[in-house]
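Peer 1: Dumping the structure here so I can ask a few things about it.
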2 protein chains.
Amino acid sequence: MDPTVDQFRACPVGILTTDYYDNVGTFIDEASEAGHDFVATPMAHPTFRRVLHEDKKEKNKAAVDLWRDGPVFDRQDLILQSAACSDIVVGMLAEWLQLDSQDEDIRVNSELALKQELAWASHLGLLSVIFPKLPKGNLSNTARAINHAVGSLSFTQLWTHVLINEPDDEGVENGPWKQWNKLRVLCEQNTKIHVALELTQDLPSDDILDVWMAEPVKALIVPAEVFIPNTKGFPVLPKRHQEFVKKVMDKLRPNILVTVPPTQLHASATPSSYQEYIRHLNRNLPELDAVNQFATGYQDYLQAPLQPLMDNLDNSTYETFEKDPIKYQQYEEAVYRALLDRTEPDSNVTTVIMVVGAGRGPLVDCCLRASTKAERKVHIYAVEKNPNAYVTLQNKKENEWLDKVELVFADMRRWKPSKKCDILVSELLGSFGDNELSPECLDGAQKFLKDDGISIPANYTSFAAPLASTKLYNEVAAYKDLEHFETPYVVMFQQICELNPSQPLWTFAHPNHTHPTTDDHDPINNLHNIRYSQVKFAAVEKSMTMHGIAGYFESVLYKDVTISIHPETHSPGMFSWFPIFFPIRNPVQVPQGAHVTLDFWRQTDKKKIWYEWAATVTKDGQDIAITPIHNVGGRSYWVGL
Amino acid sequence: MDPTVDQFRACPVGILTTDYYDNVGTFIDEASEAGHDFVATPMAHPTFRRVLHEDKKEKNKAAVDLWRDGPVFDRQDLILQSAACSDIVVGMLAEWLQLDSQDEDIRVNSELALKQELAWASHLGLLSVIFPKLPKGNLSNTARAINHAVGSLSFTQLWTHVLINEPDDEGVENGPWKQWNKLRVLCEQNTKIHVALELTQDLPSDDILDVWMAEPVKALIVPAEVFIPNTKGFPVLPKRHQEFVKKVMDKLRPNILVTVPPTQLHASATPSSYQEYIRHLNRNLPELDAVNQFATGYQDYLQAPLQPLMDNLDNSTYETFEKDPIKYQQYEEAVYRALLDRTEPDSNVTTVIMVVGAGRGPLVDCCLRASTKAERKVHIYAVEKNPNAYVTLQNKKENEWLDKVELVFADMRRWKPSKKCDILVSELLGSFGDNELSPECLDGAQKFLKDDGISIPANYTSFAAPLASTKLYNEVAAYKDLEHFETPYVVMFQQICELNPSQPLWTFAHPNHTHPTTDDHDPINNLHNIRYSQVKFAAVEKSMTMHGIAGYFESVLYKDVTISIHPETHSPGMFSWFPIFFPIRNPVQVPQGAHVTLDFWRQTDKKKIWYEWAATVTKDGQDIAITPIHNVGGRSYWVGL
C-alpha cells in the first residue's frame, strides 16, 4: 500500500457513447483531445443481432449451424476491430442479449454471442466490459451464463450496468439493487463481476443510496441528461447528485463515465465541460479528517486484533498510538477531574496513582500534567510487563520524571504492591472494548486500589450492528477456510453499509465490587467475565445481504469524560482504534420488513477468552435465516490469558 | 451393510421413568424382568438443583466458588452412581436446567451443571442422554451450550426431548419442530445431537408429522397416557398413533420408550403390557414391497450415478437390473403394441427392430416374446459396445436366438447400418431420465430409423422437488468439500420429506425430427440437448429446512405404456432406478407461506454433459434466500460423452 497516492482520491474520468462508429478511432481521438482518460463504446455493430434469429431461416441453416458450432465474427459486425487503444477502451456488450428469453433459441444464441464478445474482449486485452441492464423479472439464466463466461476471463472484468432508480410496477424503490443482489448471490459473489451504476434524474431515498456503498461499484455513469445548466449555461449537477457523486468518489473510488450529450443540451457546454465538472468535484472532496488521514491505505484492510497480553507490542506500534491527539487529552481530563474530586485544594495529601500497562509512559505524562493543572500532589507508580518498553520508562524517569514516578516491572495480575492507590489508570481497551482482556487485567490490578478508589476507565461497553460489505466478505472468503470466517478483524470500514446504528451488547465496570478480589495470583475462575447479549434490529427502509457484524466500543473514563469509536458518538479525531468486523460464514438475505437478531457471547476458560456469535433473520415471526453459532468453544479464534 | 438384518426392522424397546430412585438397580431389574431392552432414568437427584441458586447465599460462598471452579458431584445428588448396567441405561439430564434464563447466574450455573452431568455420563459410558424439553422462546444460549458440551463427548449421543404437539399461544402447530430446527441449525447440524420425540394425545396434522421423517429421531417416547384401553382393558394405541408409530419404525428405526404408567391407568395392564404392544406393532409392519426389499440396506446411502457411456457395466450390474419384474414387462408390452400398430395381421412383412445398447440381451428377449404374442415376423439387430456383454450376446444367439437376431458390435453413435429399422428399442435411462446420455446416444442412433419409424421409449421427462433430509445432508457434508455438494447421488430415499410433489422440468422425445440427423459421426454441436427449466413450489402446510432436491423420471415407452419412478406414478414393483439427490451447499429455511423456485439446467459441450441448479426462496414477493448456482460449468460433476 502507498497511502500517499490514495490520499488524492482521484477517479479516472471517461466518456461513454452508445453510437456505433464506423471508425471508432476518431471518437477515441476526440474524447482524448477533450481530456477524457478512457472511453466506453459498443464492441459490436447492431447487424450482429441477426444471430439471435437466423437459425430459424431455413435458407441460412448451414451457415448458422457453422456459427453455433464455432462462433466467429464477421469483421463488419465489429466496432472494435483491433487492439489499438485497448488500454483506454471499455467494451460494451450487445444490448440485445436476451439470456432469459422464453425462446430457447434466443437464450442459447444470446449465450453464444456473449461468450463470443467476451472472448474478443479478452483477446483485445480490454480491462473491462459493460454488461447491459439486467432483465426486470427472472434473471437466473443470465446469472448462470455470466458466471460461466467470466470464468474463462483472465484479467478482463465485467461491469453490470445498473440504473440507480428504476421504479418497478409496484413502486419498489430498490428494484435495481435487488436484481443486482440476486445476480451476484447466484454467481457466488464472483469477484470478477462488478457494477457500473448509472445515475438517473430522480435519485432514490438516502437509505437506498447507502446500500450501494457496500457494493463493488467499479464505474459510475453520470449521463449528460442529469446535468442541469448553471446561470452561465454550463452543465453542473443538482445538489443531491453532487453529494452522492462525492460520497461515491470518497468511498468507492470508481471510474466515472460521462456521456456524449445531445446537441445543445447545455448552451455553453464544450466537449470537455462534463468531465471538467466531474474533476472539479473530485478535487474538492471534503478534507480527510484525522482518522481517515491516519487510515489512508488501510481502508477495508483486514488486520488481526492485537494480543497485547500474550505478545509484547513493538516500538513502532507504541509510536503510532501515542500520536493520537484525542485519547491522551481525554485521559488527562479524566485524571484532572478525579484529582479535583479526590483531594481538597491546598491539601497536603499526596494522591497515589498507579498506571498499569504504562507502555512507554504517555499515560504517566497525562497524570503529571493533570496533577500540575489541578494543583494536587501525586505519587505515580508505572507498572509495565514489556521489558523493552520498560527501558524507555527508565530513560524517562532518569531524564524527566525523577522521583515523582516509581517504576515497577511486573505483570499487573501478579504484582503485590506494598500500598494501595487512590486512582488506578489503565488503557487496555481493544476495538470491541474488552477484547484485549482489560477485564481480566483489571481484576488482577484492582487489589492495588483502595476500597473507595477510582478506576479510569470507569467502564466500557461493546456495540454491534449487522453489516453489508461485498469487499470484506470477499477478503475473508478468499482464504477458503472456516477459521477465517470465525475470526474477528480490526478494519477501517469504507465500502460498507450498516442495517441500523449499532446497539450496546454489554458493559464492564471497574472496580468490580460485586466480585471478590482474591489474594491468589490466579483467580479461581473467570466466570464473572462471561457475557451474553441478544440485540434485535429492524430492516425498516433497506433490504440487504448481510455479510457480517460491525463492532465498536464506548468507554466512560471518569464521569462525563468519555472516549468512543461508535459512529454515532465517535470522539472526533481519535484514531487509536479502528472498528472490529465479525464475519458470517454464509451471507444471509435481510429483506425489507425483516428483523435481524444477533446473539453474542464473551466466553472464557482458564487459558483464554473468545467470542461466539450467530444471527437469525425473522419476518412476520418466522425464522427465514439462521446462521450456525460461529467459533464454537473458541475453535478458530481466541485471546490468550 | 448386512441387508438381511435390517429387513426385520426391529426397534429396541425401553422404559422411561421420571421418578428418582434411591436404588435405581431395582428399577432396572424390574424393567428388565418385564422384558424391556433398556431404561431411561434421571441421572441426578432434584437436590442437585441447589447449584442454580446457592452462590447467592453468602454463607455458602466459598463452597460455591469451589464448585464453580471445578464442579464435582456430591454422591448423594446422583441417581446413577456407578457404571453398573450403563450399557442399558439412557441418562436423563436435569429438567431444571435453564440455559436461557434471564438471570445470568442461573444461566452460567445451568451450563456448569450440564457439562458436569455430560462428563459423568461420558465417564459412565452411557450411549445416550436425554436433554430436557427446549424452552419455548429464545434458545440461543441453550444451543451454544449444547453445541460446545457435546464437542467433548466421544461416543455418548444427545437426544433432545421434543413433544410432538405443543400448540403455542398463537396456535402454531409446528412450534416444537421450529424450536428443534432452530437448535440444530444454530448447532451446525451437529451429528451428535438427535431427537427423542414424545407422542402426545393429540397429534398434529399429517403434514407436520411428515416433517419429522427427515429428522434424526433416535428415540420415540410413547407415554402410557396416550394408550387407550381395548375392550379387555389392555392398553393399545389409537389408530393415528398406531399408523405414525409404524411409519417411524419403518423409516427411522428409533429406540422406543414406553413410560411407567400411573396406577390402574389401564385395568388389565401388567408391567410388560406396553412394551409387548409396541413389539406387536413392530412385528406387524407392512411387508416390504419389491422395491424396498431390493433396497434394504441401501436406504439413504449415497451412490455415484452410473457412467455407462464412459465405463462398461460389469456382469453383476447387468444381473441385478435384469431381475426387475416390471421394466421388461412394460418394454414387452410396448413392443407388442407397436408391432400391432405397425403391421397388418397375417402380413408377410418382416418388421425390423434394432435394440441399441442390448447389454446381455433382455430387451431382445422382450422383442422376441412380443413378436410371438403379436404374431408378427421380426428381424432384430442387437447393437452393443461393451465387449464383455457382447460375449453373452453371442452365447444367446448361438443357443437361443439363432438367425432371428443379428449381432452388431459397435457404439450406436458411430455405427453405419446397411438398412433402416421400423422400431428402435433402447433403455439408456438414468434416475433423472436423461442423465445417462440417452438423448445423445439416440441422436446418433436415430439415423437407423425409418422416417415413420417408432422409438421405444417415445419420450422421458425429468422431475424435481425440494427435499429435507438431515441424514443426506450430513452424509454429503462429511466430505467437507465443495465437489460433493455439487454432485448428484443415486439414493433410495428413506429419512426424507418433500415440500410438495415433484414437478416436471423437461422432456426429451424420440425420434427428434426437429433436429436434423447428421451423417457425420460427430454431430456439429449438442446445443439442441441443452435444457433449462424453472419450477415453483408453495410451502402451504409445512415449514422445512431444505437440504437439497429430489429428482425422478417418467417415460412413455409407447402410447399409454409407461414406466415411472416419480412417487405419484411409480410403476409398482419396478426397482431398476432409485431416485437422484441434488444437494445444496447451505441448507435454507422455507417458512410456511413461502415459495421455493428451482432453476435447473442441463448443459453440454463437446465432451460432456452436466447439470447446474439453484434455489430461491421468496415470501410476499421478496427474496429471503438465494443459493449460488451449483456446479458452474460442470466444475464438480459431469457425464462424459
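The values are calculated or read from the model by the stated rules, or taken from the named source; none is laboratory data. Owing to the predicted nature of the structure, the values given are computational and were not obtained by experimental measurement. When we count neighbours, we look across all protein chains shown, and the Cβ atoms used for this are built from the backbone with ideal geometry, even at glycine. Surface accessibility is based on the protein's heavy atoms, side chains included, excluding ligands, DNA and RNA. Shrake-Rupley method; radii C 1.70, N 1.55, O 1.52, S 1.80 Å.
Peer 1: Going through region A:509-555 one residue at a time, which ones are more than 30 Å from A:I624 (Cα to Cα), open to solvent by 40 Å² or more (accessible area, probe 1.4 Å) and at pLDDT 90 or above?
Peer 2: Across region A:509-555, the qualifying residues are A:A509, A:E554.
Peer 1: Scan region A:5-23 and report the pairs whose first residue is touching a residue at least 24 places away in the same chain (Cβ under 8 Å) and whose second residue is among the charged types (D, E, K, R), with Cβ atoms within less than 8 Å and a gap of 6+ or a chain change.
Peer 2: A:D6/A:R253; A:R9/A:D250; A:R9/A:R253; A:C11/A:R253; A:P12/A:D37; A:V13/A:D37; A:V13/A:R279; A:G14/A:D37
Peer 1: Can you tell me which residue among B:D100, B:D65 is within 14 Å of another protein chain (Cβ to nearest Cβ) and modelled with pLDDT under 85?
Peer 2: Going through B:D100, B:D65 in turn, just one is within 14 Å of another protein chain (Cβ to nearest Cβ) and modelled with pLDDT under 85: B:D65.
Peer 1: Take the conditions acidic (D, E), within 27 Å of B:V24 (Cβ to Cβ), at pLDDT below 95 and out of contact with any Gly (no Cβ under 6 Å at 6 or more places or on another chain) and apply them to B:D105. Does it pass?
Peer 2: no
Peer 1: Continuing with the same structure: Testing A:A267 on (1) touching a strand residue (DSSP E or B) at 6+ places or on another chain (Cβ under 7 Å); (2) crowded, with 18+ Cβ neighbours inside 10 Å, one condition comes back false. Which one is that?
Peer 2: (2)
Peer 1: Return the residue satisfying two criteria in turn: it lies in region A:279-319 and is out of contact with any helix residue (DSSP H, G or I) (no Cβ under 7 Å at 6 or more places or on another chain) and of a type in the set (F, W, Y), and of such residues it is least open to solvent (accessible area, probe 1.4 Å).
Peer 2: Restricting to residues being out of contact with any helix residue (DSSP H, G or I) (no Cβ under 7 Å at 6 or more places or on another chain) and of a type in the set (F, W, Y), the top hit is A:F294.
Peer 1: Now a separate question. Name, by its number, the condition in (1) over 28 Å from the mean Cα position of the chain (by Cα); (2) modelled with pLDDT of 95 or more; (3) open to solvent by 40 Å² or more (accessible area, probe 1.4 Å) that does not hold for B:K246.
Peer 2: Of (1) over 28 Å from the mean Cα position of the chain (by Cα); (2) modelled with pLDDT of 95 or more; (3) open to solvent by 40 Å² or more (accessible area, probe 1.4 Å), only one is false for B:K246: (1).
Residue-wise test of (1) modelled with pLDDT of 95 or more; (2) among the polar types (S, T, N, Q); (3) assigned by TED's automatic domain parsing to the domain that holds B:P223; (4) under 13 Å from B:W96 (Cβ atoms).
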site: B:D19; (1), (2), (3), (4): no, no, yes, no
site: B:G35; (1), (2), (3), (4): yes, no, yes, no
site: B:T41; (1), (2), (3), (4): yes, yes, yes, no
site: B:V51; (1), (2), (3), (4): no, no, yes, yes
site: B:K57; (1), (2), (3), (4): no, no, yes, no
site: B:K61; (1), (2), (3), (4): no, no, yes, no
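Peer 1: Shifting gears a bit: Within the group A:I278, A:I256, which residue is β-branched (V, I, T) and either over 28 Å from A:W177 (Cβ atoms) or assigned to a helix (DSSP H, G or I) (or both)?
Peer 2: When all the criteria are applied, what remains is A:I278.
Peer 1: Can you give me the number of residues within region B:466-488 that are over 22 Å from B:N529 (Cα atoms) and open to solvent by less than 20 Å² (accessible area, probe 1.4 Å)?
Peer 2: 7
Peer 1: Okay, moving on. Say we look at region B:170-180 and pick out the residues that are within 13 Å of another protein chain (Cβ to nearest Cβ) and open to solvent by 20 Å² or more (accessible area, probe 1.4 Å); which of these is nearest to B:W159 (Cα to Cα)?
Peer 2: B:Q179
Peer 1: Tell me which residues, restricted to region A:82-91, are of a type outside the set (G, A, S) and modelled with pLDDT of 90 or more.
Peer 2: If the condition is that a residue be of a type outside the set (G, A, S) and modelled with pLDDT of 90 or more, then A:D87, A:I88, A:V89, A:V90 are the ones that fit.
Peer 1: Right, another one. Taking B:T562 as the residue in question, decide whether it is under 27 Å from B:R184 (Cα atoms), of a type in the set (S, T, N, Q) and at pLDDT 95 or above.
Peer 2: For B:T562, the condition - under 27 Å from B:R184 (Cα atoms), of a type in the set (S, T, N, Q) and at pLDDT 95 or above - is not met.
Matching residues to (1) among the acidic types (D, E); (2) farther than 22 Å from B:Y473 by Cβ; (3) within 21 Å of the chain's Cα centre (by Cα):
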position	(1), (2), (3)
B:M546	no, no, yes
B:P567	no, no, yes
B:F581	no, no, yes
B:N586	no, no, yes
B:E612	yes, no, no
B:I626	no, no, no
B:G633	no, yes, no
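Peer 1: For region A:590-638, how many residues meet the condition of being farther than 25 Å from A:E498 by Cβ and touching a residue at least 40 places away in the same chain (Cβ under 8 Å)?
Peer 2: The qualifying residues number 6.
Peer 1: Sticking with this one: Name the pairs: first residue in region A:103-118 and open to solvent by 20 Å² or more (accessible area, probe 1.4 Å), second residue outside any helix (DSSP H, G or I) and basic (K, R), Cβ to Cβ under 9 Å, at least 6 apart or on different chains?
Peer 2: Here the result reads A:E104/B:R531, each pair linking region A:103-118 to a residue that is outside any helix (DSSP H, G or I) and basic (K, R).
Peer 1: So, one more: Which ones in region B:465-497 are aromatic (F, W, Y), in a loop (DSSP other than H, G, I, E, B) and under 26 Å from B:A538 (Cβ atoms)?
Peer 2: Result: B:F493, single match.
Peer 1: Let me ask another. Criterion first (farther than 20 Å from A:Q116 by Cα, within 42 Å of the chain's Cα centre (by Cα) and modelled with pLDDT under 90) does A:F8 satisfy it?
Peer 2: It is true that A:F8 is farther than 20 Å from A:Q116 by Cα, within 42 Å of the chain's Cα centre (by Cα) and modelled with pLDDT under 90.
Peer 1: Could you tell me which residue of region A:117-141 is farthest from A:L186 (Cα to Cα), considering only residues that are touching a helix residue (DSSP H, G or I) at 6+ places or on another chain (Cβ under 7 Å) and among the polar types (S, T, N, Q)?
Peer 2: Of everything passing the filter in region A:117-141, A:N141 is farthest from A:L186 (Cα to Cα).
Peer 1: Which of the following residues is over 26 Å from A:V260 (Cβ atoms), open to solvent by less than 20 Å² (accessible area, probe 1.4 Å) and touching a helix residue (DSSP H, G or I) at 6+ places or on another chain (Cβ under 6 Å): A:L183, A:L199, A:L158?
Peer 2: After applying the criteria, what remains is A:L183.
Peer 1: Within region B:449-464, can you find the residues that are outside any strand (DSSP E or B) and surrounded by fewer than 22 Cβ atoms within 10 Å (Cβ to Cβ)?
Peer 2: B:A458
Peer 1: What strands (runs of 3 or more DSSP E) lie completely within region B:342-419 and have 3 or more residues being over 24 Å from B:E440 (Cα atoms)?
Peer 2: B:377-384
Peer 1: I would also like to ask the following. Looking at (1) at pLDDT 95 or above; (2) farther than 17 Å from B:N529 by Cα, find the lone condition where B:W506 falls short.
Peer 2: Here B:W506 meets the rest and fails (2).
Peer 1: Right, here's the next one. Take region B:529-570 and flag every residue that is hydroxyl-bearing (S, T, Y) and part of a strand (DSSP E or B).
Peer 2: B:Y532, B:S533, B:T545, B:Y552, B:S555, B:Y558, B:T562, B:S564
Peer 1: Ok, one more. Residue under question is B:E322, and the condition is that it be surrounded by fewer than 17 Cβ atoms within 10 Å (Cβ to Cβ), touching a helix residue (DSSP H, G or I) at 6+ places or on another chain (Cβ under 7 Å), of a type outside the set (V, I, T) and on the phi < 0 side of the Ramachandran plot; does it hold?
Peer 2: So B:E322 passes the test.
Peer 1: Same structure, new question: I'd like the residue in region B:186-196 that is surrounded by 22 or more Cβ atoms within 10 Å (Cβ to Cβ) and among the β-branched types (V, I, T) and, out of all such residues, is nearest to the other protein chains (Cβ to nearest Cβ).
Peer 2: For region B:186-196, the residue satisfying everything is B:I193.
Peer 1: Inside region B:571-641, counting only strands (runs of 3 or more DSSP E) that do not spill past its ends, which hold 1 or more residues that are more than 7 Å from chain A (Cβ to nearest Cβ) and either small (G, A, S) or surrounded by fewer than 22 Cβ atoms within 10 Å (Cβ to Cβ) (or both)?
Peer 2: Answer list for region B:571-641: B:580-590, B:595-604, B:608-619.
Peer 1: Here is a follow-up. Please verify whether region B:115-125 includes one or more residues that are within 10 Å of another protein chain (Cβ to nearest Cβ), over 28 Å from the mean Cα position of the chain (by Cα) and modelled with pLDDT under 95.
Peer 2: No, every residue in region B:115-125 fails to be within 10 Å of another protein chain (Cβ to nearest Cβ), over 28 Å from the mean Cα position of the chain (by Cα) and modelled with pLDDT under 95.
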